[in-house]
Amino acid sequence: MVAVNETSRTGRYDVRGLAEPDAEAPKTARIDGDSAVVDAADLSTRQINLELRRLVYGEGISEVTVTNPGAKHSIAVGLLTRCRITVDGSLGYFACTLGDGPEIHVTGRVGWSLAENMMSGVVVVDKNAGSLTGAAMRGGDLVVRGHVGARTGIDQKGGTILVGGNTGSMTGFMMQRGRQIICGNAGPGLGDSMYDGEIYVAGTVASLGVDCVEEEMTPRDDELLDRKFRIYRMDRPERFRKFVCGKQLYNYDTLEPSERKLVL
Amino acid sequence: MADETAPSENTVLGRSQIFTPEVVNDIHMKAELGRYRMRGGGIFKKIPHWDELVFLPGTLTRFVIEGYREKCETKTVLGGRFAKKPLELDIPVYITGMSFGALSLEAKMALAKGASMAGTATCSGEGGMIPPERDLSTKWYYQVIQSRYGFNPHHLMLADAVEFFIGQGCKVGMGGHLMGQKVTEQVAEMRSLPAGIDQRSPARHPDWLGPDDLSLKIQEVREATDYQVPIQLKLGAARVYDDVRMAAKCGPDVIYLDGAEGGTGAGPHIGTEETGIPLMAAIPEARRALEDVGLADEIDLVVAGGIRNGADIAKCIALGAKAVAIGSAALMALGSNKDVAGADYEGTFGVPASDFYHWHTGKDPAGITTQDPELRKRLNVDEAAVRVYNFLHTLTLEVQMLARACGKTDVHSLEPEDLNALTTEAAAMARVPLAGTKYIPGVTEEKTLTEIRDLLAKHIANDTGGNRDV
Ligand SMILES: Cc1cc2nc3c(=O)[nH]c(=O)nc-3n(C[C@H](O)[C@H](O)[C@H](O)COP(=O)(O)O)c2cc1C
């Protein structure tokens with residue numbers, strides 16, 4: 001685990017050593033004109049975020065590179081302005097979450113709940129991401145070039161999730177709006193209990209979840225896919241299938257006997 | 001020979017206490033509907049309640065504080081553990097989270113205004129922030145709820161405190177409900193849902209599963225809010241001792257416990273009746289848990305569920321709560337469950353106004369638990385706000401009155417020693433003595449057993465010269 005600075009260890013200290021109420025921005029970034037490099041090797045989560053905020057909000061620097069991130073958790077969260085951040089390495093849980101505007105590029109892997117509740121902006125991860133990727137996401141583009149874990153885009157409310165590899169089980173669980181584009185295979189329970197939105201899958205689908213149905217691809221769908229693949233310079237698999245909500249479970253009182261069994 | 005089935009009072013054997021008329025009707029109704037039944041409000045069945053506790057005010061053993069003249073502090077500070085700006089309330093009671101959707105815009109505004117007048121807080125509830133509510137609230141909790149409907153990091157930055165909903169006492173283990181009639185275009189848009197659906201919110205959070213990830217989620221929100229505001233975890237009271245221990249270890253500033261008595265805007269009747277334990281039993285368990293993990297002085301305890309008056313609040317504080325939140329009672333202060341011009345409760349719902357539990361239907365004659373534009377006009381925001389303020393002020397006066405009578409110059413000085421129980425059940429749950437005795441079920445026996453064990457140990461030690469383990 002990340003070393004916690006001494007003040008929080010001696011004074012107000014939580015059992016898991018995550019709380020860092022007294023930390024301050026280390027002011028160690030190397031600034032070069034409009035851009036800066038933060039070496040995170042010896043920094044805690046709080047220090048990295050404070051440094052990012054100092055640079056982006058305080059110094060008005062629009063391009064920051066973080067080196068040696070060490071898979072720390074909760075990095076680059078809650079950034080509510082346009083900026084460009086490159087993380088040279090891997091991040092832990094809750095990476096790049098709660099953002100509105102930043103463009104973030106992670107060259108390594110990330111843990112669970114990547115870009116959770118992102119409002120707008122772009123997050124690109126070059127390798128794999130864990131489960132709950134893009135949870136409750138509301139806007140922007142989230143691109144994972146590798147594979148992702150289970151429940152990708154759970155409660156998704158908008159934006160686009162683009163996965164270069166495979167997704168785990170329950171992809172798009174309770175998804176409300178937005179799109180998911182999966183180039184590889186999708187695990188069991190795809191689109192379970194989704195309310196709306198579209199899921200495009202190029203590979204195999206292990207099984208569909210409750211109230212998820214296949215629909216014909218339209219030229220508009222293809223146009224959207226082409227555009228997204230062009231932006232992120234990814235090879236587009238030729239054939240996609242499209243999955244949407246069957247809308248059978250919208251209301252309690254209108255269920256036919258056959259539909260009722262869906263919820264058992 | 002007598003005809004034992006003749007139609008006469010003398011031949012009737014009795015009636016079932018199990019298959020009561022309500023139960024029989026319920027079975028008939030379910031046989032038609034083919035689904036569980038929904039309603040608003042809190043628990044119907046009788047459970048041990050605050051009425052079974054009484055205060056032991058000062059007489060000769062302690063002297064009392066003059067009402068109205070001598071100061072009795074009510075200021076309540078929550079979340080000083082890690083937050084740079086703890087939540088400072090003028091009174092030990094605030095308005096709990098009730099969603100826009102379950103409540104009308106006017107009701108949310110009036111609650112916010114009334115709470116601000118009283119110097120206390122309100123909470124967004126599910127479904128996101130509505131700007132008029134935020135504007136009218138001087139202290140405002142923002143909820144991080146499972147569904148994350150309308151959750152917006154910009155709104156998070158406007159919060160004076162952040163509450164993670166993990167459960168509610170009314171329907172522990174379940175997500176929120178909002179029936180189609182109330183999912184209007186506006187409500188649906190705020191939640192990114194199709195309009196008119198029967199909304200069943202998720203019961204689990206989308207981005208964490210257990211306590212280990214919850215610690216990280218708390219870290220994430222603290223990073224996003226720069227450690228400025230308190231983090232509160234709202235738990236439905238179930239396995240309170242273990243849950244509170246785990247919650248405490250996740251690093252929050254405040255833990256909020258919601259007892260089984262708690263109300264809801266809409267929930268399954270069976271869920272409301274059958275989940276959770278009474279607040280009276282939950283508070284001592286929570287205190288014990290916080291003490292056992294060594295955080296009793298660091299983490300503040302807020303409680304809610306079925307709170308009606310200042311005595312209920314004073315009893316919660318005496319058992320160890322720092323503050324109390326109210327939901328249903330606040331709606332009633334607004335004017336819910338009250339006969340208003342143009343309303344026909346009996347004709348529309350088959351119950352008198354005071355029994356009106358049909359908050360889920362969106363047809364509230366008082367214009368509070370509704371989205372209907374015509375019904376909403378019946379609630380005057382300014383007048384309703386004054387009623388809420390009056391009620392909050394009265395609650396505080398009542399708490400002070402009891403605290404002063406118990407010899408306290410600060411309401412937070414109330415303690416378990418100020419209470420007695422009227423029934424053995426209440427004595428066992430609240431862990432205060434049964435009136436007229438020193439008996440606390442469970443505690444007394446435990447103490448006696450320990451004494452016997454110690455005596456026995458000494459005895460054996462004497463007998464064997466200390467050579468045998470006991
Ligand atoms: C109309 C209504 C709406 C509610 N909406 C929410 C909500 O959005 N989020 C939440 O955490 N609890 C919600 N609750 C539960 C309350 O926060 C609280 O747990 C409960 O009201 C406390 O019990 P009381 O009503 O007996 O005071 C709601 C309750 C009511 C009555």
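The values are calculated or read from the model by the stated rules, or taken from the named source; none is laboratory data. Owing to the predicted nature of the structure, the values given are computational and were not obtained by experimental measurement. Neighbour counts run over all protein chains shown; Cβ positions are idealised from the backbone, glycine included. Calculation scope for accessible area: heavy atoms of the full protein, side chains included, ligands and nucleic acids excluded. Shrake-Rupley method; radii C 1.70, N 1.55, O 1.52, S 1.80 Å.
Go through the stretch B:420-433 residue by residue and turn each phi into a ³J(HN,Hα) via Karplus (6.51, -1.76, 1.60, θ = phi - 60°); whole Hz please, and just put x for glycine and proline.
10, 10, 9, 10, 5, 4, 5, 4, 5, 6, 7, 6, 10, x
Find out how many positive minus negative residues lie around B:T122, taking Lys and Arg as positive, Asp and Glu as negative, among other residues whose Cβ is under 13 Å from that of B:T122.
Values: positive: B:K108, B:K113, B:R134, B:K139; negative: B:E133, B:D135, B:D160, B:E163.
Overall, the nearby charge balance is 0.
Does the stretch A:22-247 come out rounded, prolate or oblate by the C-alpha gyration tensor, with a ≥ b ≥ c the root eigenvalues, rounded set by a/c under 1.5 and, if not, prolate when a/b is larger than b/c and oblate if not?
On the way: a/c = 2.32, a/b = 2.07, b/c = 1.12.
Prolate.
Considering only A:F94, A:F229, A:F240, give the residue with the highest GNM mean-square fluctuation for chain A, with springs between Cα atoms whenever their separation is below 10 Å.
The residue that fluctuates most here is A:F229.
When Cβ neighbours within 10 Å are restricted to other protein chains, what is their mean count per residue of peptide A:248-256?
Counting Cβ atoms of other protein chains within 10 Å of each residue's Cβ and averaging gives 4.
Just the Kirkwood number for chain B, please: inverse of mean 1/r across all distinct Cα pairs, in Å, one decimal. Show your work: numbers first, answer last.
Numbers: mean 1/r = 0.0419 Å⁻¹.
Every distinct Cα pair counted, the radius reaches 23.9 Å.
So what is the relative contact order for chain A, in percent, with contacts set as C-alpha pairs under 8 Å and at least six apart? If you can, show how the numbers build up before the last one.
Numbers: 767 pairs, mean separation 21.3, N = 264.
Worked out over chain A, it gives 8 percent.
Going by accessible area, probe 1.4 Å, with all protein chains left in place, what is the ranking of B:K45, B:K377, largest first?
Working: B:K45 90, B:K377 145 Å².
Per-residue accessible area, sorted high to low, gives B:K377, B:K45.
Report, in whole Å, the centroid distance computed from the Cα atoms of the stretch A:149-187 and the stretch A:73-111.
19
Pairs A:K242/B:K30; A:K72/B:K171; A:K157/B:K84; B:K182/B:K234: which are spaced more than 30 Å apart, C-alpha to C-alpha?
Details: A:K242/B:K30 38 Å; A:K72/B:K171 36 Å; A:K157/B:K84 32 Å; B:K182/B:K234 25 Å.
A:K242/B:K30; A:K72/B:K171; A:K157/B:K84, as the Cα separations exceed 30 Å there.
Hey, any idea what % of the protein assembly as shown's accessible area is carbon plus sulfur with a 1.4 Å probe? Provide the component values of the computation, followed by the final result.
Values: 15920 of 30860 Å².
Reported share for carbon and sulfur atoms: 52 percent.
How much accessible area is lost when chains A and B come together, counting both sides, with a 1.4 Å probe, in Å² rounded to the nearest 100?
Numbers: alone 13030 and 22390 Å², together 30860 Å².
Approximately 4600 Å² gets buried when A meets B.
Top to bottom by accessible area (1.4 Å), largest first, where do B:K338, B:K46 land?
Numbers: B:K338 105, B:K46 175 Å².
If we order B:K338, B:K46 from most to least accessible, we get B:K46, B:K338.
What is the dipole size for the protein assembly as shown, taken about its Cα centre, with +1 at each Lys and Arg Cβ and -1 at each Asp and Glu Cβ, in debye to the nearest 20? Walk me through the numbers on the way to the answer.
Details: 80 positive and 98 negative charges, 185 e Å.
So the magnitude is around 880 debye.
Using only the Cα atoms of the stretch A:1-146, build the gyration tensor, take square roots of its eigenvalues as a ≥ b ≥ c, and label the shape rounded, prolate or oblate: rounded if a/c is under 1.5, else prolate if a/b is larger than b/c, else oblate.
Values: a/c = 1.67, a/b = 1.22, b/c = 1.37.
Judged from the Cα gyration tensor, the stretch A:1-146 comes out oblate (a/c at least 1.5, b/c at or above a/b).
Output wanted: per-residue J couplings in Hz (rounded whole) for the stretch B:252-261, from phi through Karplus 6.51 cos²θ - 1.76 cosθ + 1.60, θ = phi - 60°, x for Gly and Pro.
x, 8, 9, 10, 10, 10, 10, x, 4, 6
Which whole-angstrom value gives the distance between the alpha carbon centres of the stretch A:193-264 and the stretch A:32-66?
Using only Cα atoms to place each centre, the spacing works out to 40 Å.
Take the residue pairs B:K46/B:K217; B:K45/B:K75; B:K139/B:K377 and return only those whose Cα atoms are more than 31 Å apart.
On the way: B:K46/B:K217 38 Å; B:K45/B:K75 35 Å; B:K139/B:K377 26 Å.
Among B:K46/B:K217; B:K45/B:K75; B:K139/B:K377, the Cα-Cα distance tops 31 Å for B:K46/B:K217; B:K45/B:K75.
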